[in-house]
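Derivation of every value follows stated rules applied to the coordinates shown; laboratory data play no part. For clarity, every value in this text was computed on a predicted model and none was experimentally measured. Note: ideal-geometry Cβ built from the backbone for every residue, glycine included; neighbour counts use all protein chains shown.
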Amino acid sequence: MRLVVVGAGLSGLAVAHTLHSIAPQMAVHCVEKSRGLGGRVATRRHEGATFDHGAQFFRPLDADQMHFFTQTLPHDTLIDIAKPVYAFDAQNRITIGDSAQNNEPKFVYRDGLNTLAKLIRPASMTLSLQTRIQRIEATTTGYTIYSDQGVRIDSADALVFTPPAPQTIELLHASTITESVKNDLIKGLAPATYRPCLSVSLLYAGFFDPAYYALVNNDRAHPISWLAVEHAKHAARVPEGHTLLTAQLAPQASRDLWEVDEATLYETVAAWAQTLTGHPLGAPLWGDRQGWRYALPDGRADATTMQSYEQSHGLYFAGDAHTGLGRIQLAIQNGAAVAQRIAAHAGARI
Ligand SMILES: Cc1cc2nc3c(=O)[nH]c(=O)nc-3n(C[C@H](O)[C@H](O)[C@H](O)COP(=O)(O)OP(=O)(O)OC[C@H]3O[C@@H](n4cnc5c(N)ncnc54)[C@H](O)[C@@H]3O)c2cc1C
C-alpha cells in the first residue's frame with residue numbers, strides 16, 4: 001500500500017514513525033511545503049543564537065510517551081528546562097507560577113526543539129521538501145497528487161492530511177474528489193478554527209538572568225501572551241554575555257501588528273518586554289519575526305465525520321485540528337493513533 005502524508009509536522013512524522021514500526025512494508029511519502037521538518041516546532045539560527053520561534057517545549061502525556069522521549073529516541077541532547085514558568089497579568093505584576101505544572105518536565109533539545117522532528121523521522125520515509133500540495137485528484141485506483149507548479153508528485157492508495165484545518169479545507173476545495181465526501185469533510189473540519197500568533201525574538205547586549213525561564217499571561221489581557229529567556233534552555237543557545245527573549249503576542253496584538261515594519265514591531269515589543277520584566281534591557285541589537293497565521297486551535301474537528309471515510313476512501317486526518325489543543329505531545333499521540341488505524345484497515349492490502 002502506498003501512503004502520502006500531507007505535511008511533515010509532528011503529527012505527520014508520528015504517522016510515518018509509527019507505520020515504520022508496525023507496518024514496515026508500507027511505502028510512506030511525506031510531502032512538505034516548507035524547507036524543513038517540524039512545522040510549528042521550529043528553530044532558527046542567527047548570528048550565533050539558536051531560538052525556538054514556534055513551540056517552546058513539550059511534556060510527555062504518560063509513562064509510555066516518557067519512555068519514548070527519554071529511551072526510544074536518542075536523548076543525548078534532551079534537556080528538562082530547570083527554571084520555572086512564572087505568571088503575569090495586564091498590570092505587569094509577576095507571580096510565582098503554577099507549582100504543579102512547574103514540577104512536570106519541560107523538554108527541549110540543546111540545539112533547538114526542532115531536533116525532535118529530525119529524531120522522529122523514520123529512515124524509510126520518502127520526503128519531498130519545498131513541495132506544496134495544491135490539488136488531489138481521485139482516480140479509479142486511488143489518488144494522484146499535484147504540486148502548486150501543476151506537477152504530478154505521486155500517486156497513493158491513501159492520504160493523511162495534517163495541516164491546520166483551514167489549510168486542509170483549502171486543499172479539499174481545490175481537489176477533485178466525490179463532491180458529497182468533500183463537502184462532508186469540509187463541514188467536519190469547520191469547528192477547528194485557529195488563532196494567530198506573532199512571535200518576536202530580540203537579542204540584547206548584556207546578561208539578564210531572572211529566576212524564571214518564561215512568563216505566561218494568565219488574565220489574557222496583556223499584548224504579550226508568553227515571554228521566554230532563551231539561554232535558560234541551554235547557555236550555548238545565545239552568545240556569551242547576551243540575552244535573547246522570545247515574545248509571543250496575544251491574538252489581538254498579533255493581528256494589530258501583523259503588517260507593521262520590523263523596526264516598529266521590535267521597538268514596540270522591546271518596550272513591552274522592558275516594562276514587564278522591570279529590567280533595563282535597552283534597545284535590542286537585532287530582532288526576528290515569525291507570523292503564525294494558524295498558531296493554535298480554538299476548536300476541534302468533528303471526529304465522527306473525519307473518520308467516516310478512512311476505510312472506504314483511504315482519507316485520513318491527523319494533527320492538532322483533531323485534538324482541539326495545540327500541544328506537541330497530543331499531535332504525536334494523534335498521529336500514532338491514525339497510523340494504527342491505517343495499518344489495521346490496510347491489513348491484507350499491505
Ligand atoms: C507560537 C507557537 C507556540 C506554541 N507553543 C507550544 C508549546 O510550547 N508546547 C506545545 O506542546 N505546543 C505548542 N504549540 C503548538 C504545537 O506547535 C502544535 O500543536 C503542533 O506542532 C502541531 O503539529 P501538527 O503536525 O498538527 O501541525 P503542523 O506543525 O502545522 O504541521 C503541518 C505541516 O503541514 C505543512 N503543510 C501545510 N499545507 C501543506 C500543503 N498544501 N502541502 C504540503 N505541506 C503542507 C506545513 O508546512 C506543516 O509543516 C505552539 C504553536 C505555536 C505556533
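Be a star and scan segment 32-58 for residues whose amide nitrogen sits under 19 Å from the point 7 Å along the Cα-to-Cβ vector of residue 235.
Flagged as within label range: 48-51.
Picking from 214, 90, 55, which is most flexible by a Gaussian network model of the chain using Cα springs under 10 Å?
Largest GNM mean-square fluctuation: 90.
Counting only helical runs of four or more DSSP H residues, what would the 222 nm mean residue ellipticity of the chain come to if each run contributes -39,500 (n - 2.57) and the total is spread over all its residues?
-8000 deg cm²/dmol
For residue 94 paired with residue 325, estimate the spin-label separation in nm (one decimal), with each label point 7 Å from Cα along the Cα-to-Cβ line.
Going from the residue 94 label point to the residue 325 one covers 2.7 nm.
Would you order 197, 30 from fewest to most other beta-carbon atoms within 10 Å of each residue's own beta-carbon?
197, 30
If we count other beta carbons within 10 Å of each Cβ, what is the order of 246, 70, 305, fewest first?
70, 305, 246
Distance from the Cα centre of segment 244-264 to that of segment 176-211, in angstrom?
Their Cα centres are 15 Å away from one another.
If you build a Gaussian network model of the chain, linking Cα atoms that sit under 10 Å apart, which residue out of 63, 49, 318 swings the most?
Its mean-square fluctuation being the largest, the pick is 63.
Are there GluC sites (Glu not before Pro) in segment 244-350 that DSSP puts in a loop and that have at most 15 other Cβ atoms within 10 Å, and which ones?
259
What are the residues whose amide H is under 5 Å from the amide H of residue 27, where those residues sit 5 or more places off or on another chain and H is modelled from the backbone?
Correct list: 3.
Remind me, relative contact order of segment 167-269 in percent, using alpha carbon pairs under 8 angstrom and six or more residues apart?
29 percent
Sequence gap at least 6, Cα distance under 8 Å: using those rules, report the relative contact order of the chain to the nearest whole percent.
24 percent
Can you compute 3J(HN,Hα) from phi for each residue in segment 155-161, using the Karplus curve 6.51 cos²θ - 1.76 cosθ + 1.60 with θ = phi - 60°, rounded to whole Hz and x for Gly and Pro?
Here the 3J(HN,Hα) series is 10, 8, 7, 9, 10, 10, 9 Hz.
So which lysines can residue 83 reach, going by Cα to Cα under 21 Å and dropping same-chain residues fewer than 8 places off?
106, 233
I want to verify a result. In a Gaussian network model of the chain, Cα cutoff 10 Å, which of these has the top mean-square fluctuation: 151, 31, 15?
The residue that fluctuates most here is 151.
List every residue whose amide H lies under 5 Å from the amide H of residue 34, counting only residues 5 or more places away in sequence or on a different chain, with H placed 1.01 Å from N in the peptide plane.
Here the answer is 130, 131, since their amide H atoms fall under 5 Å of that of residue 34.
Cross-link partners among lysines for residue 33, C-alpha distance below 21 Å, same-chain residues fewer than 8 apart left out?
Straight-line reach from residue 33, under 21 Å: 118.
For 220, 110, which order do you get if you count the other beta carbons within 10 Å of each Cβ and list the fewest first?
So the ranking, lowest neighbour count to highest, is 220, 110.
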